[in-house]
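The values are calculated or read from the model by the stated rules, or taken from the named source; none is laboratory data. Nothing here was measured: the structure is a model prediction, and the numbers come from that model. Counting neighbours? That spans all protein chains shown, and the Cβs are built from the backbone with ideal geometry, glycine included.
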Amino acid sequence: MVDPQILVVEDERIVATGIRNMLGTLGYRVPAVAASGEEAIKKAAEIQPDLVLMDIVLQGDMDGIQAAEHIRARFNIPVVYLTAYADEATVRRAKMTAPYGYLLKPFNERELHAAIEMALYKHMMEREATPSAENPELEHALRELVKTKGVNAAAVISKDGVMVHFLNTVTPEEISPLSSMAAMMTRMAEKCTRLLKRGEMTEILTKDNRGTVVTEKCGEFILLVAMDESVDMNAIKSQKKRLKEIILGIL
């Protein structure tokens, strides 16, 4: 990767300038600096950076963990946290968003460079391991599924626990660190991949903070559908059947 683009999210101007200068010295491009979670999401959508350096404590209603959760779920952009807070509760919340790194302030150039390179490499390997994530037929089928009334999200998970594709209809305002759709789907994916590896995977219905997750085995992949409590399973049966055929036929 030549001159990766890094989005810096930091609400202290002096600190942000220092990080930007450090990144420039290391050979990275910094197309923008965001000072809030809401601005970070907007910039991530506009710029599509290769990586986001995210401070956890930010001004505004959305903190860095919430913003990172949204960016990862919607744009599949790796996030590395930068923070002076290392208490157990903060680390636990951060872990739920599956970050690619966690740097404690103050840090030096060597530590920053190592964290970024490891995150970029991990993300590259994940993408190479899941080329089907760019499959237009799968994309279309998932979009049709989430359009169904009462369906909040759909995902396809590999037997190794890699999110092959994920779509949701949850807005940024609805996302919270402990009950987001992405976090719930991730927890279910981890559980289902363990069962699949042991040959025990059939179909599981589980209730969580936002409703019900239905999981279904599709060969060596898993289909997850997150729904509201009131959804009629029969209403999405045809879409699920078609999606299962696509997964089995393409992946």
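In this structure, does VAL30 turn out to be assigned to a strand (DSSP E or B), surrounded by fewer than 19 Cβ atoms within 10 Å (Cβ to Cβ) and in the same structural domain as LEU120 (by TED's automatic domain parsing)? Yes.
Screening MET62, MET118, MET125 for residues that are under 25 Å from VAL164 (Cβ atoms) and either modelled with pLDDT of 80 or more or in contact with a His (Cβ under 9 Å, 6 or more places away or on another chain) (or both) leaves exactly one candidate, MET118. Among residues of region 42-100 being among the aromatic types (Phe, Trp, Tyr) and assigned to a loop (DSSP other than H, G, I, E, B), the one that is nearest to LEU7 (Cα to Cα) is TYR100. For the residues PHE107, PHE75, the requirement of being closer than 19 Å to ARG20 by Cα and surrounded by fewer than 19 Cβ atoms within 10 Å (Cβ to Cβ) singles out PHE107.
With respect to (1) part of a helix (DSSP H, G or I); (2) surrounded by fewer than 18 Cβ atoms within 10 Å (Cβ to Cβ); (3) under 22 Å from the mean Cα position of the chain (by Cα), the lone exception for VAL15 is condition (3).
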